[in-house]
Amino acid sequence: MSLPQFTLLRPRTVAEAIDDLAKYSAHGAAGASPARSEHVSIRIIAGGTDLIPSMRQKLFEPEYVLDLRGIAEMRGIRPQADGSVEIGALTTLRAIERSQFLCQHYSVLTEAAATVASPVLRNMGTIGGNICLDTRCLWYNQSLTWRKGCGFCIKKDGDLCHVAPGGSKCWAVFSGDTPPALLCLNAEIEIAGPSGVRLIRLRDFYTGDGENYHRLQPNELLTRIFLPASSADYRGVYRKLRVRGSIDYPLAGVAVAMKRSKGHVADARVAITAVNPAPLLLDGAHEMLAGKNLDEALAEAVGDLAARTAKPLTTSALTPEYRREMIRVFTRRALLAAAN
Ligand SMILES: Cc1cc2nc3c(=O)[nH]c(=O)nc-3n(C[C@H](O)[C@H](O)[C@H](O)COP(=O)(O)OP(=O)(O)OC[C@H]3O[C@@H](n4cnc5c(N)ncnc54)[C@H](O)[C@@H]3O)c2cc1C
Ligand code: SF4
C-alpha cells in the first residue's frame, strides 16, 4: 500500500510548529473534529509507527505532515528538584523503558512502556504518540478496498457503526499501553497552541468517544508530560492481554500503582485500557483499598469493579466476554503482585 502524496514540514522549535499548524490546518479554530481527515489538512508525526501504517491504509490523507522530530526541546526525561519529573512528548518509549530514574520512582510507567509493540517500534515510537494514539477497530484499521467493501463506518467516510448498528456513536477502542500507567500516576500534560500553553490532567484529555477521542484541537500539540512527586515511589504493575507475546496492541490492559504502610494499603490506583474508547482510572478503587489489608477477596472485589467499568465490544480479535473477564483476572493479579 503506497503512501498518499503530502508535503513534509520540519519545524525546529515548538513556536515554529504552532505557526505551521495555524497556517496549514483547514479548520484550525476550536470546534473542528481532530479525528476526521476531511476536516484536517495537516497531521502531526512523531515516531510515525502508528500514523504511517494508517496513511498507507488511506485512513488519513493530509496535504501536509508536520514532523516534530527536529524539535530538541520536546525530547528528554528531566527530574526536578522537588522529586517530580517532566518528560518531553518526543521521548521514545525505549528511553522511558530504560530510564533508571523512572524505573526507580515511577515503575508502573517503565513496565507499561516495555510492553508496547516490539523493541524496533519502541526505538521509534514516542510517549506523545502513545498518548495521542488513534482508537482502533476491526472495521476501521483496514485497507481502503476492505472498508469500501463494507460500506465504510461512522469513524471514517460512513454513517453507520458495524459494531453497534443501532447507535450513532463510534466505539473504537483506545489501545495505548502507557496512558493507564500515567493515569495511575496522576499525570498532567502540557498542550501548546496559538494562545500559549495549557496544562490539563491526563484523565480529562480523553472524551470517551471513539471518533473524536481526545481534546486536542488541530492547531495544538502535546509538548510535555508531568509526573508529580506525590506519585513517586509507588509499586507499579502492568498486565496486558495480547494474542502474541510481542508486537501486538493490548486487547485488555490493567495498571496498578500502590503505596503500602505497616502492612496495609496506604493508597492505590487502578486504570484499565483497550476495553473502552478511552483509558480509564477506576472510580472507587482507592476508597475500596485504602487502609485495608489486601487479600484475595478484596483483590477480587476490585477486579469485579474493573470488569463492570470495562465495556468491550466486537472491535478486536478476541470476544468482548473474554476481554472483560481478563480485566477482572488481571486486576486481581496486578493488585496482589503490587502488594507482595
Ligand atoms: C505492529 C505494531 C504494533 C503496535 N503495538 C502497540 C502496542 O502494543 N501498544 C501500544 O500502545 N501501541 C502499539 N503500537 C502503536 C505505536 O507504535 C505506539 O502507540 C507508539 O507509541 C506511537 O508513537 P509514535 O511516536 O510512533 O506516534 P505517531 O505514529 O507519530 O503518531 C500517532 C498519533 O499521535 C499524534 N501525535 C504524535 N505525537 C503528537 C504530539 N506530540 N502532539 C499531538 N499529536 C501527536 C499523531 O498525529 C498521530 O495521530 C503498535 C504499532 C504497530 C505498527
Ligand atoms: S466502532 Fe463502529 S464506527 Fe467505530 S470504527 Fe468500529 S465500526 Fe466504525
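The values are calculated or read from the model by the stated rules, or taken from the named source; none is laboratory data. Keep in mind the model is a prediction, meaning the values are calculated, not measured. Virtual Cβ from ideal backbone geometry, glycine too; neighbours counted across all protein chains shown.
I need a count of the residues in the stretch 81-103 that are in contact (Cβ under 8 Å) with a residue 60 or more places away in the chain and surrounded by fewer than 19 Cβ atoms within 10 Å (Cβ to Cβ). Step through it out loud before you land on a result.
Applying the first criterion (in contact (Cβ under 8 Å) with a residue 60 or more places away in the chain) to the stretch 81-103 yields 82-89, 93, 96.
Those still in the list that are surrounded by fewer than 19 Cβ atoms within 10 Å (Cβ to Cβ) too: 82-84, 86.
So the count comes out to 4.
Each row is one residue, and each column tells you yes or no for (1) closer than 22 Å to PRO79 by Cβ; (2) surrounded by 22 or more Cβ atoms within 10 Å (Cβ to Cβ).
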{"position": "LEU183", "(1), (2)": "yes, yes"}
{"position": "GLY193", "(1), (2)": "no, no"}
{"position": "ASP204", "(1), (2)": "no, no"}
{"position": "THR207", "(1), (2)": "no, no"}
{"position": "ASN212", "(1), (2)": "no, no"}
{"position": "GLU220", "(1), (2)": "no, yes"}
{"position": "PHE226", "(1), (2)": "yes, no"}
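Suppose the filter is near ligand 1 (Cβ under 10 Å from one of its atoms) and either more than 20 Å from ASP50 (Cβ to Cβ) or free of Cβ contacts under 8 Å to residues at least 12 places away in the same chain (or both); does VAL120 pass it?
Values: near ligand 1 (Cβ under 10 Å from one of its atoms): yes; either more than 20 Å from ASP50 (Cβ to Cβ) or free of Cβ contacts under 8 Å to residues at least 12 places away in the same chain (or both): yes.
The answer is yes for VAL120.
From (1) within 14 Å of the chain's Cα centre (by Cα); (2) among the small types (Gly, Ala, Ser); (3) away from ligand 1 (no atom under 11 Å from the Cβ); (4) closer than 30 Å to ILE71 by Cα, pick out the condition that doesn't hold for ALA172.
(4)
Matching residues to (1) among the aliphatic types (A, V, I, L, M); (2) in contact with a Gly (Cβ under 6 Å, 6 or more places away or on another chain):
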site	(1), (2)
ASN212	no, no
GLU220	no, yes
ALA232	yes, yes
VAL256	yes, no
ALA278	yes, yes
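If I filter the stretch 195-246 down to residues being under 21 Å from LYS169 (Cβ atoms) and among the acidic types (Asp, Glu), which single residue comes out as nearest to ligand 2 (Cβ to nearest atom)?
By that ranking, first place goes to GLU211.
Do we have any residue at all in the stretch 68-89 that's in contact with a Ser or Thr (Cβ under 7 Å, 6 or more places away or on another chain), within 16 Å of ligand 1 (Cβ to nearest atom) and β-branched (Val, Ile, Thr)?
Yes, the stretch 68-89 has at least one match.
From the set of residues in the stretch 137-175 that are in contact (Cβ under 8 Å) with a residue 60 or more places away in the chain and aliphatic (A, V, I, L, M), which is farthest from ligand 2 (Cβ to nearest atom)?
Result: LEU144.
Considering every residue within the stretch 291-301, establish whether at least one is surrounded by 13 or more Cβ atoms within 10 Å (Cβ to Cβ), within 27 Å of ASP204 (Cβ to Cβ) and modelled with pLDDT of 95 or more.
Among the residues of the stretch 291-301, not one is surrounded by 13 or more Cβ atoms within 10 Å (Cβ to Cβ), within 27 Å of ASP204 (Cβ to Cβ) and modelled with pLDDT of 95 or more, which makes the answer no.
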